[in-house]
Amino acid sequence: MPEPMPPEPHISGGDRAAEDGAIAATGLDGTMDLAAQEGESLEKRLDAPESGPEGKPRSLWSDAWRDLRRNPVFIISGLAILFLVFISLWPGSIASGNPLQCDLSKAQQGSQPGAPFGYNGQGCNVYTRTVYGARVSVTVGVCATLGVAILGSVLGGLAGFFGGAGDAVLSRITDIFFAIPVVLGGLVLLSVVTSSTVWPVIGFMVLLGWPQISRIARGSVITTRQNDYVQAARALGASNSRMLLRHIMPNAIAPVIVVATIALGTYISLEATLSYLGVGLKPPTVSWGIDISSASQYIRTAPHALLWPAGALAVTVLAFIMLGDAVRDALDPKLR
């Protein structure tokens with residue numbers, strides 16, 4: 001005798017409508033597994049961080065800033081540079097006294113109250129001169145970097161965009177400048193300058209530094225102008241100035257920023273080198289290079305007069321190089 005069939009469970013109208021809606025939502029008469037919807041939802045959640053707060057895709061610069069904020073190298077170097085800028089603008093906040101006021105009776109004396117770094121061979125307070133020397137280094141480095149970046153980017157960008165005879169002439173000119181040794185060129189050009197201001201040194205650095213930025217900007221523009229969005233803008237009738245300023249330069253400027261950031265520390269060390277050789281800045285200007293040069297003859301009897309300005313110079317250059325490396329890692333998608 002067949003067993004009776006179990007009674008069919010009662011399904012309310014609302015539950016049946018919900019079931020029918022769930023089956024209909026899967027498509028293919030309910031044969032699609034609901035796990036597919038779960039997978040799509042998971043993919044959307046994973047892709048969500050790639051969009052900004054308004055659902056727009058993040059740009060290269062927003063991604064770079066996010067990576068920089070998580071990079072300890074950027075944080076450490078940035079704090080060091082901020083402190084350097086602070087003492088350059090307001091040196092009197094942490095160093096009292098006049099850096100040009102010296103007392104020969106205290107020459108080569110060591111650390112003591114009011115002079116934690118001791119005194120140099122002329123009896124000047126090494127701590128005060130080290131703090132005030134940061135102003136010159138920052139001024140020379142920032143002004144030289146801005147001049148080099150602007151001049152090199154304009155010339156290299158125009159040559160890479162238009163090409164032709166102008167590009168060929170600029171390439172040969174940069175080859176000539178690359179053949180000039182920097183220190184030897186400084187000895188020759190700055191030896192005839194009698195001014196004690198920073199502007200001749202800055203002008204020399206811009207004169208010999210722009211070819212490097214120009215070549216980098218040229219290569220970056222040549223690579224960027226071949227992208228599809230540039231070709232689309234050209235097909236839509238965009239002018240050369242609009243394509244260059246709106247589409248090419250914002251996407252080609254990243255390598256220039258990286259090289260300029262690293263070069264800033266190089267220009268600071270170059271200024272110290274030229275001042276040490278006697279052709280850069282000249283007294284009474286307070287400079288780390290001048291202090292290192294004057295203290296080198298007392299290195300056996302008063303090494304502190306040499307070590308403190310040299311240490312400040314080394315830390316400053318290292319901070320800018322570390323900052324440039326962090327910026328390069330953030331702006332280069334291949335390193336992510």
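The values are calculated or read from the model by the stated rules, or taken from the named source; none is laboratory data. Model, not experiment: these values are computed from the prediction. Cβ: placed from backbone, ideal geometry, glycine included. Neighbour counts: every protein chain shown. Only protein heavy atoms, including side chains, enter the accessible area calculation; ligands, DNA and RNA are left aside. Shrake-Rupley method; radii C 1.70, N 1.55, O 1.52, S 1.80 Å.
Measuring nothing but protein heavy atoms, the accessible surface of the range 230-277 at 1.4 Å probe radius is 62 percent carbon and sulfur. Average accessible surface for the range 98-142: 44 Å² per residue, computed with a 1.4 Å probe over protein heavy atoms with every protein chain in place.
Heavy-atom accessible area with a 1.4 Å probe sorts Cys124, Cys102, largest first, into Cys102, Cys124. Peptides 226-232, 140-146 ranked from most to least packed by the mean count of surrounding Cβ atoms within 10 Å: 140-146, 226-232. For the range 226-266 versus the range 65-81, the spacing of their alpha-carbon centroids is 26 Å. Working note: Karplus 6.51/-1.76/1.60 with θ = phi - 60° gives the range 106-122 the couplings 9, 4, 6, 6, x, 5, 7, x, x, 9, x, 9, x, 10, 8, x, 9 Hz, where Gly and Pro are set to x. Among Ile257, Ile222, the order of accessible area from largest down is Ile257, Ile222, computed with a 1.4 Å probe on protein heavy atoms. Couplings for the range 153-159, taken from phi via the Karplus curve 6.51 cos²θ - 1.76 cosθ + 1.60 with θ = phi - 60°, read 5, 5, 5, x, x, 5, 5 Hz in order; Gly and Pro are left as x.
For the range 110-179 versus the range 282-323, the spacing of their alpha-carbon centroids is 16 Å.
Rounded to a whole number, what % of the accessible area of the range 157-228 do carbon and sulfur atoms account for, probe 1.4 Å?
Details: 2540 of 3720 Å².
Carbon and sulfur together cover 68 percent of it.
For the range 211-270, the alpha carbon positions stretch 48, 16, 16 Å along the principal axes, listed from largest to smallest. Normalised per residue, the accessible area of the range 199-331 is 45 Å², obtained with a 1.4 Å probe and no contribution from ligands, DNA or RNA.
Accessible surface for Trp210 stands near 20 Å², nearest 10, in the context of the full protein assembly shown (1.4 Å probe).
The H on the amide N of Cys124, modeled in the peptide plane, is under 5 Å from the matching H of Asp103, each at least 5 residues off or on a different chain.
Keeping the other protein chains in place, figure out the carbon and sulfur percent of the accessible area of the range 92-134, with a 1.4 Å probe. Write down the numbers at each step before the final one.
Numbers: 1050 of 2040 Å².
The C+S portion of the solvent-accessible surface of the range 92-134 is 52 percent.
Shown in residue order for the range 296-302 are the 3J(HN,Hα) couplings computed by the Karplus curve 6.51 cos²θ - 1.76 cosθ + 1.60 at θ = phi - 60°: 5, 7, 10, 5, 7, 8, 9 Hz (x for Gly and Pro). In this label model, Ser296 and Leu245 are separated by 4.8 nm, measuring between points 7 Å along each Cα→Cβ vector.
Stokes-Einstein diffusion coefficient for the range 151-211 at 10 °C in a medium of 1.306 mPa s, Rh from the Kirkwood formula over Cα pairs: what value in µm²/s?
Numbers: Rh = 12.9 Å.
The diffusion coefficient I find is 123 µm²/s.
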